[in-house]
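J.: Take this structure, written in structure tokens, and hold onto it; I'll ask about it next.
The values are calculated or read from the model by the stated rules, or taken from the named source; none is laboratory data. Computed from a prediction, not measured in an experiment: that's the story for all the values here. Cβ: placed from backbone, ideal geometry, glycine included. Neighbour counts: every protein chain shown.
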Amino acid sequence: MKDLSYDTDRPIAALATPWGRSAIAVVRTSGEGCLDLLARTFSRPAALSGAKSHSLTYGHMLDASGLPIEQVVLGVFHAPRGYTGEESVEIYTHGSPSGIQRLLSRLYEVGFSEAAPGEFTLRAFLNGKIDLTEAEAVAEIIDAKSSAAHAMAMDRLSGSLFRSIDALKKRIVEVLASVEVLLDYPEEELLDAPEPDFAPLSEVLHSVEALSATFQEGRLYREGAKVAIAGRTNAGKSSLFNLFLKEDRSIVSDIHGTTRDYIEAWTTIAGIPVCLYDTAGLRDAGHPVEVEGIRRSGKVVDAADLVLYLIDGTTGPSPDEFSLLADQTSAEGQGRYIFVMTRSDLGCQVWDDGVVAVSAVTGQGLDRLQKKMAKCLSAKAPLTSGEPVVDSLRQKRLLDRCSSALQAVLEGVGSRSWDELAMDLKDAVDALGEITGEVTSADILESIFSGFCLGK
Ligand SMILES: Nc1nc2c(ncn2[C@@H]2O[C@H](COP(=O)(O)OP(=O)(O)OP(=O)(O)O)[C@@H](O)[C@H]2O)c(=O)[nH]1
Ligand SMILES: [Mg+2]
């Protein structure tokens, strides 16, 4: 989105569904005059021009010589109703890539401009249909990797984050107003002026900090956690990997060194999106390709949020593995490793409560392992059920700016001038206003909306 000061009356069009063959595709159009433009290339112009808001009109889109391009149903939305708050029409057609291509070309021919990514949502924001936290939630809903992430974004779309922030902002504005009154007082009467009450700010500060702390949790649900399965060759890593995914994804064999490179796949553990990595088994490899595979796998393990370290339960840990276990289960290990004894169906010894016995053949122990993983992952990002969660770094930074400003005010009461205190209070209010989009610059809008997909 190069220029945000562009003319928002310019009618735009874009495919809102993914490219490719599908039963139905949706092309979205929006902007004043879009009904007229469409009527020029529609088989039933009068029906379309006379269509009520939120109604469907059936017909054909026509090419320049009046021949039908595609059979369509047009969903009409009059301003200020509909998603963007502008006059808009959704075109439902067959999901045939060549048909869609012809239809879009025709729309651009009759005067529609190609929409930039996120432009429909930007218009909804500019027309006051949604605030910025809701706009960001729309992008997150589309990207959501698990149902929990989806639920969080849906919650934000309903405006829960906006309401929390707005309530905090109003309390700061009240204090700011009482300080600003003093700025207008003539000097000689200042002593009679009412003293502002700063006490509510401590509570607001606490809430702002708590909201900022939810960022880690939001990040976990939005971006997911990296979980690596590591261990010596033949420990049963690929077997467990496949068991998690419920598919035969990674090659399993009794030959040592079967997996030579790492393999990744997405799954969900207790609602948390998890990127699971099967890695190359550890041993003194001779072949340079295997050595490289082990080196790359080592990097994956280092970067993982959680490592499932597998030990063949029928042979038990090697001396090296015993010391790894001792290191990683110590206080400094910080719970990044879970030790798993494999082949529990063949009978294996579990000598430590922290170790989980699993069988990839019977599935025994998988449930316990998943619970333990969920506990470890959510310990890194404690769950705050039902409360709004901040999951964009932009929002978190602004909350932190607000906290610093409030702290400066609370520490400065009594020693700093009313003017200085008012400035910090204003900064705190502005920071919150930037989160919801009341105070915002073109740069911020661009960085948010350019992350959207086309047609949204
Ligand atoms: N009985 C039994 N056999 C298992 C279990 N898990 C793995 N195996 C067998 O152990 C052998 C090695 O399993 P893999 O999953 O390929 O082991 P890996 O750790 O991925 O091995 P590399 O890729 O060589 O590092 C295979 O023959 C599996 O069928 C288990 O829980 N029980
Ligand atoms: Mg393997």
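J.: Could you tell me whether region 370-381 includes any residue that is surrounded by 14 or more Cβ atoms within 10 Å (Cβ to Cβ) and not in a helix (DSSP H, G or I)?
T.: There is at least one residue in region 370-381 that is surrounded by 14 or more Cβ atoms within 10 Å (Cβ to Cβ) and not in a helix (DSSP H, G or I).
J.: Need pairs with beta-carbon distance below 8 Å; first residue assigned by TED's automatic domain parsing to the domain that holds SER318 and at positive phi and within region 235-264, second within 7 Å of ligand 1 (Cβ to nearest atom) and polar (S, T, N, Q); sequence gap 6+ or separate chains.
T.: GLY236/THR342; GLY257/THR233
Rundown of residues vs (1) crowded, with 17+ Cβ neighbours inside 10 Å; (2) closer than 15 Å to VAL173 by Cα; (3) over 23 Å from the mean Cα position of the chain (by Cα), yes/no style:
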site: PRO388; (1), (2), (3): yes, no, no
site: ARG401; (1), (2), (3): yes, no, no
site: GLU420; (1), (2), (3): no, no, yes
site: ALA428; (1), (2), (3): yes, yes, yes
site: ILE435; (1), (2), (3): yes, no, no
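J.: Please enumerate the residues belonging to region 125-163 that are surrounded by fewer than 19 Cβ atoms within 10 Å (Cβ to Cβ), at pLDDT 75 or above and outside any loop (DSSP other than H, G, I, E, B).
T.: LEU126, ARG163
J.: Can you tell me which residues in region 210-246 are of a type in the set (D, E, K, R) and within 15 Å of ligand 2 (Cβ to nearest atom)? Before the answer, list the steps.
T.: So in region 210-246, the residues of a type in the set (D, E, K, R) come out as 217, 219, 222-223, 226, 232, 237, 246.
ARG232, LYS237, listed by residue number.
J.: Now for a different question. How many residues are closer than 11 Å to GLY111 by Cα and free of Cβ contacts under 8 Å to residues at least 40 places away in the same chain when one looks only at region 22-39?
T.: Our first condition is that a residue be closer than 11 Å to GLY111 by Cα; within region 22-39, this holds for 33-34, 36-38.
Those still in the list that are free of Cβ contacts under 8 Å to residues at least 40 places away in the same chain too: 36.
Total satisfying the criteria: 1.
J.: Across region 213-246, what is the total count of residues that are buried (at least 19 other Cβ atoms within 10 Å of the Cβ), polar (S, T, N, Q) and assigned to a helix (DSSP H, G or I)?
T.: 2
J.: If you don't mind, another one. For the condition over 30 Å from VAL307 (Cα atoms), in contact with a Leu (Cβ under 9 Å, 6 or more places away or on another chain), modelled with pLDDT of 90 or more and of a type outside the set (A, V, I, L, M), what is the one hit in ASP424, ASP400?
T.: Among ASP424, ASP400, only ASP424 is over 30 Å from VAL307 (Cα atoms), in contact with a Leu (Cβ under 9 Å, 6 or more places away or on another chain), modelled with pLDDT of 90 or more and of a type outside the set (A, V, I, L, M).
J.: Taking region 292-309 only, how many residues are in contact (Cβ under 8 Å) with a residue 40 or more places away in the chain and not acidic (Asp, Glu)?
T.: 9
J.: Regarding region 96-112, can at least one residue be identified that is in a loop (DSSP other than H, G, I, E, B), within 33 Å of the chain's Cα centre (by Cα) and either modelled with pLDDT of 90 or more or under 30 Å from GLU140 (Cβ atoms) (or both)?
T.: Just the residues of region 96-112 that are in a loop (DSSP other than H, G, I, E, B), to begin with: 96, 111-112.
If we keep only those that are within 33 Å of the chain's Cα centre (by Cα) too, we end up with 96, 112.
Okay, now just the ones that are also either modelled with pLDDT of 90 or more or under 30 Å from GLU140 (Cβ atoms) (or both), so 112.
Yes, region 96-112 has at least one match.
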